[in-house]
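S.K.: Mind looking over this structure? Questions follow.
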Amino acid sequence: MLVEKNVPLQHSNTFGIAARAHALVRVHSEDDVRAVLADPFWGRRPLLVLGGGSNIVLTGDVEPLVLKMEIQGMRVADETPTAWIVEAGAGERWHDLVAWTLDQGLPGLENLALIPGTVGASPVQNIGAYGVELQDRFDSLDAIDLVTGQGFTLDAAQCAFSYRDSVFKHVPAEPLGPRSAAPRGMGLAGRAVITRVRFALPKAWKPEIGYLDIERKRAEAGIERPTARQVFDWVCEIRRAKLPDPEVLGNAGSFFKNPTVTAEQCADIIAREPRIVHYPLADGSIKLAAGWLIDACGWKGKTMGKAGVYERQALVLVNRGDRHSDDASVTGGEVMTLARAIQTSVYERFGIRLEPEPVVV
Ligand code: EPU
């Protein structure tokens with residue numbers, strides 16, 4: 001087992017924050033995880049699992065041992081009467097998987113093109129875009145219990161997916177006994193590492209083109225029923241126009257979740273702000289566009305320290321420093337100071353508390 005010391009993480013987080021890992025192990029297989037857990041020294045220390053670093057804010061150097069997930073592999077693992085089951089290693093880049101499935105003639109993931117990050121991180125926040133969420137294409141995943149070293153498999157119900165949420169974002173409900181089995185169905189944050197994910201891609205595919213931005217592209221192109229490749233291209237074009245490329249301008253995608261309010265709360269806000277962007281949900285509650293709320297508070301394009309609000313989408317906080325420089329890049333502290341200032345002004349104006357999406361370390 002190779003433990004690297006004092007490892008720069010600037011190129012391992014999409015914000016480009018110049019933090020370091022005190023110690024880091026590159027994980028290429030399930031056995032690599034078990035070797036760490038069996039190690040007399042490292043096996044007893046706190047761990048931080050790092051995928052593509054696209055949903056994380058590093059507020060300082062990382063003291064826990066970093067497990068950098070690099071498990072590779074993509075294959076058609078199985079089929080059911082209705083779906084192809086595609087399996088990918090946790091360390092594969094998400095977008096590479098989307099492109100690979102299309103190359104194999106297996107559509108279904110095209111609406112999720114260009115989302116930064118890795119396959120292993122995708123179930124954690126149930127990634128979603130343009131009318132499709134991961135849970136719509138999910139079959140099962142393999143993970144390892146970080147306390148017992150045992151492998152286990154979870155299906156969709158056990159992952160407890162909801163909007164930008166899963167069992168992996170919740171802390172375990174019971175104290176972590178040294179040898180107790182992972183409490184299935186309860187929180188698994190910090191308790192398990194995802195090693196492989198399987199997706200169910202529908203054999204009877206049809207395009208998901210209900211989202212306004214995609215519908216616009218379809219109408220412009222004058223195509224009634226696009227192919228998966230066309231939807232993929234449109235999603236790439238929409239994202240490139242609206243969202244900054246993390247290689248150029250560091251960011252972690254949407255910084256806040258879109259909040260949900262009751263119909264009464266929404267009516268109250270609409271009375272004051274008739275133009276507010278809102279979407280009624282099946283359960284009667286109403287989802288508000290956080291980007292609109294932040295924009296309405298005048299934040300779009302603003303900068304505080306070296307952290308800024310992207311000028312084309314107010315929900316995205318960006319690195320206005322040099323994301324490739326050690327000392328001129330944004331710090332996690334600057335990002336969080338800006339995030340708190342935004343939360344305060346949205347709360348003061350709308351009475352709504354925005355919840356950050358990335359994990360703050
Ligand atoms: N809006 C504004 N001003 C802004 C930003 C947005 O008025 O500065 C308005 C837009 O005009 C639109 C509405 O807000 O009417 C929603 O904007 P958009 O379609 O860009 O989507 P979003 O709700 O801001 C969500 C996801 C994105 C995902 C897109 C497309 C969340 C937190 N974000 O953004 O996901 O790509 O929908 O499906 O749910 C991510 O999670 O990192 C991410 C980029």
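The values are calculated or read from the model by the stated rules, or taken from the named source; none is laboratory data. Remember, it's a predicted structure, so these values are computed and weren't measured experimentally. Note: ideal-geometry Cβ built from the backbone for every residue, glycine included; neighbour counts use all protein chains shown. Each accessible area value is taken on the protein alone, full model and side chains, heavy atoms only, with ligands, DNA and RNA left out. Shrake-Rupley method; radii C 1.70, N 1.55, O 1.52, S 1.80 Å.
S.K.: Which ones in the stretch 249-264 are open to solvent by 50 Å² or more (accessible area, probe 1.4 Å) and either touching a residue at least 24 places away in the same chain (Cβ under 8 Å) or in contact with a strand residue (DSSP E or B) (Cβ under 8 Å, 6 or more places away or on another chain) (or both)?
M.R.: THR260, THR262
S.K.: Could you tell me whether the stretch 303-314 includes any residue that is hydroxyl-bearing (Ser, Thr, Tyr), open to solvent by 20 Å² or more (accessible area, probe 1.4 Å) and over 19 Å from VAL57 (Cα atoms)?
M.R.: No: the stretch 303-314 contains no residue that is hydroxyl-bearing (Ser, Thr, Tyr), open to solvent by 20 Å² or more (accessible area, probe 1.4 Å) and over 19 Å from VAL57 (Cα atoms).
S.K.: Further question: Only one of these is more than 30 Å from GLY190 (Cβ to Cβ), in contact (Cβ under 8 Å) with a residue 40 or more places away in the chain and among the charged types (D, E, K, R): ARG323, ARG349, ARG353. Name it.
M.R.: ARG349
S.K.: I'd like the full set of residues that are aliphatic (A, V, I, L, M) and buried (at least 17 other Cβ atoms within 10 Å of the Cβ), limited to the stretch 315-335.
M.R.: Within the stretch 315-335, LEU315, VAL316, LEU317, VAL318, VAL330, VAL335 qualify.
S.K.: Could I ask something else about it? For residues in the stretch 110-142 being of a type in the set (A, V, I, L, M, F, W, C) and away from the ligand (no atom under 14 Å from the Cβ), which is surrounded by the fewest Cβ atoms within 10 Å (Cβ to Cβ)?
M.R.: Checking each candidate, the answer is PHE138.
S.K.: Can you find a residue that is open to solvent by 20 Å² or more (accessible area, probe 1.4 Å) and touching a His at 6+ places or on another chain (Cβ under 9 Å) anywhere in the stretch 84-99?
M.R.: No, the stretch 84-99 contains no residue that is open to solvent by 20 Å² or more (accessible area, probe 1.4 Å) and touching a His at 6+ places or on another chain (Cβ under 9 Å).
S.K.: Given the criteria over 11 Å from the mean Cα position of the chain (by Cα), among the aliphatic types (A, V, I, L, M), assigned by TED's automatic domain parsing to the domain that holds VAL193 and not in a loop (DSSP other than H, G, I, E, B), does LEU154 qualify?
M.R.: yes
S.K.: Considering each of GLU311, GLU334, GLU247, GLU348 in turn, give the residue that is within 20 Å of VAL359 (Cβ to Cβ) and either in a loop (DSSP other than H, G, I, E, B) or more than 15 Å from the ligand (Cβ to nearest atom) (or both).
M.R.: The unique qualifying residue is GLU334.
S.K.: In the list LEU9, LEU47, which residue meets the criterion of being crowded, with 17+ Cβ neighbours inside 10 Å and under 16 Å from ASP145 (Cβ atoms)?
M.R.: LEU47
S.K.: Does LEU317 count as assigned to a loop (DSSP other than H, G, I, E, B), touching a residue at least 12 places away in the same chain (Cβ under 8 Å) and touching a strand residue (DSSP E or B) at 6+ places or on another chain (Cβ under 7 Å)?
M.R.: Here the answer is no, as LEU317 does not meet what is asked.
S.K.: For residues in the stretch 250-261 being small (Gly, Ala, Ser) and near the ligand (Cβ under 10 Å from one of its atoms), which is nearest to TRP299 (Cα to Cα)?
M.R.: The qualifying residue nearest to TRP299 (Cα to Cα) is SER254.
S.K.: Here is a follow-up. PRO207 - would you say it is within 16 Å of the ligand (Cβ to nearest atom) and closer than 29 Å to GLY308 by Cα?
M.R.: When the stated conditions are applied, PRO207 does not pass them.
S.K.: Oh, and also: Please work out if LEU141 is over 24 Å from TRP205 (Cβ atoms) and assigned to a strand (DSSP E or B).
M.R.: No.
S.K.: Does the stretch 266-288 include one or more residues that are under 27 Å from LEU109 (Cβ atoms), within 14 Å of the ligand (Cβ to nearest atom), open to solvent by less than 20 Å² (accessible area, probe 1.4 Å) and not basic (Lys, Arg)?
M.R.: No, that holds for no residue.
S.K.: Taking the stated definitions as given, is LEU65 under 30 Å from SER329 (Cα atoms) and either buried (at least 17 other Cβ atoms within 10 Å of the Cβ) or more than 19 Å from the chain's Cα centre (by Cα) (or both)?
M.R.: The answer is yes for LEU65.
S.K.: Which count do you get for residues in the stretch 215-240 that are in a helix (DSSP H, G or I) and either open to solvent by 60 Å² or more (accessible area, probe 1.4 Å) or free of Cβ contacts under 8 Å to residues at least 60 places away in the same chain (or both)?
M.R.: Adding up the residues that qualify gives 13.
S.K.: Mind listing just one residue for me: the one in the stretch 114-151 that is of a type in the set (A, V, I, L, M) and over 13 Å from the mean Cα position of the chain (by Cα) and, of those, farthest from ALA241 (Cα to Cα)?
M.R.: If we take residues in the stretch 114-151 being of a type in the set (A, V, I, L, M) and over 13 Å from the mean Cα position of the chain (by Cα), then VAL147 is farthest from ALA241 (Cα to Cα).
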